[in-house]
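Reviewing the structure listed below.
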């Protein structure tokens, strides 16, 4: 409820405001201010539910890794592949999702793909091999691929441009309730009912999200008529993407996006759970409690940065670099100080989750870096880099940990060093690559 209250507070419409350009289509034309903040929240809610489920599915492996290792004798490398399958499929879908959002709008695109999510969850719940689990995760990734972009499309259509960073931050923050649910609540449910039963329940919840999407979501505010245009072909989209990819600022932001949020989810979404179990010998609920603390940081970080971006619009570049370097420091501290006690590990995870996330800033900066008609492609490009990073970083982390079977603590230490160095390099490249700019 507090998140909803924040959403209401930050997204109040100006009565004389003009709806900004649509992300994937030409801008809509204002005819009458007949919508309210509550209207927007109700329209957005089903897609936020879908986005929350997406966050849950990509984070749940941190708690499922141990039961999967016990039941199916899965190795660290295989755990990385299972989790990475979601992100690989999700990343591949970003360009098609852009076309679908343009042609059919968020309501139809997200609703149809969430039906695919239901199928993927059922496949995962019935899997008894690594290949089956990978297929299930990949299908879930395809199904969840439109939720975040659909939410951003609605935010761009229903809010003023200067409020987009705050709106996107709050959207990310609310969606992290899904990550919150994948901590202690998931651990308790898995212990009492088993992970397969939990996933059958998630299939039902995903189906509810589908129904709510088709019933409640509206692509445009009432009283606003979008200009009719033909849907873009794949070739048109690729030409537009090449134009965006030639933008140096976007490339630098992609480097940040490849490491910043993926580093957080490599810890919170996958390897944080095994790390806490193997290094500190914690039980599932204790592991869930520490991951819960990190998740709380992740919930409050994005809206905080969104508001800072509004208050300091010319300092987005500095905020991005600060967030990335804090993440680097948190990972290095986790590597060398964290093993001294679970309390230290929890503090560094909280620091990383709260101050180390620049995801909101990355999307806001990409919107500023390109002309209005390329905003959608820029957002999709940053999202593509983010989920490519998740696939690569989680996979490499699994390979690193797998080299230290006789000394797991050393393996996790090497993983955190790898993440810290990657974040530091990404932040340094962005800082020096944009040093002649006054802002991102």
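The values are calculated or read from the model by the stated rules, or taken from the named source; none is laboratory data. Only a predicted model underlies this, so the values are computations on that prediction, with no experimental measurement involved. Cβ sites come from the backbone with ideal geometry, for glycine too, and all protein chains shown count toward neighbours.
Among the residues of the stretch 222-244, those that are in contact with a helix residue (DSSP H, G or I) (Cβ under 7 Å, 6 or more places away or on another chain) and modelled with pLDDT of 75 or more comprise 243, 244.
In this entry, residue 183 is excluded by the filter for residues that are within 22 Å of the chain's Cα centre (by Cα) and modelled with pLDDT of 85 or more. Only one of the numbered conditions (1) in contact with a helix residue (DSSP H, G or I) (Cβ under 9 Å, 6 or more places away or on another chain); (2) over 18 Å from residue 208 (Cα atoms); (3) surrounded by fewer than 21 Cβ atoms within 10 Å (Cβ to Cβ) is violated by residue 119, and that is (2). Got at least one residue in the stretch 109-119 being in a loop (DSSP other than H, G, I, E, B) and under 21 Å from residue 387 (Cα atoms)? No, the stretch 109-119 contains no residue that is in a loop (DSSP other than H, G, I, E, B) and under 21 Å from residue 387 (Cα atoms).
With respect to residue 45, is the statement that it is surrounded by fewer than 20 Cβ atoms within 10 Å (Cβ to Cβ), modelled with pLDDT of 80 or more and over 26 Å from the mean Cα position of the chain (by Cα) true? Judged against the criteria, residue 45 is not a match.
The number of residues in the stretch 391-410 being farther than 18 Å from residue 261 by Cβ and part of a helix (DSSP H, G or I) comes to 8.
Can you tell me which residue in the stretch 148-177 is modelled with the lowest pLDDT, limited to those that are closer than 18 Å to residue 300 by Cβ and either out of contact with any helix residue (DSSP H, G or I) (no Cβ under 9 Å at 6 or more places or on another chain) or surrounded by fewer than 24 Cβ atoms within 10 Å (Cβ to Cβ) (or both)? So, considering only residues that are closer than 18 Å to residue 300 by Cβ and either out of contact with any helix residue (DSSP H, G or I) (no Cβ under 9 Å at 6 or more places or on another chain) or surrounded by fewer than 24 Cβ atoms within 10 Å (Cβ to Cβ) (or both), the one modelled with the lowest pLDDT is 173.
The set of residues in the stretch 415-440 being free of Cβ contacts under 8 Å to residues at least 24 places away in the same chain and within 24 Å of residue 58 (Cα to Cα) consists of 418 alone.
If you go through the stretch 385-421 and pick out every residue that is surrounded by fewer than 23 Cβ atoms within 10 Å (Cβ to Cβ) and farther than 28 Å from residue 281 by Cα, you end up with 1.
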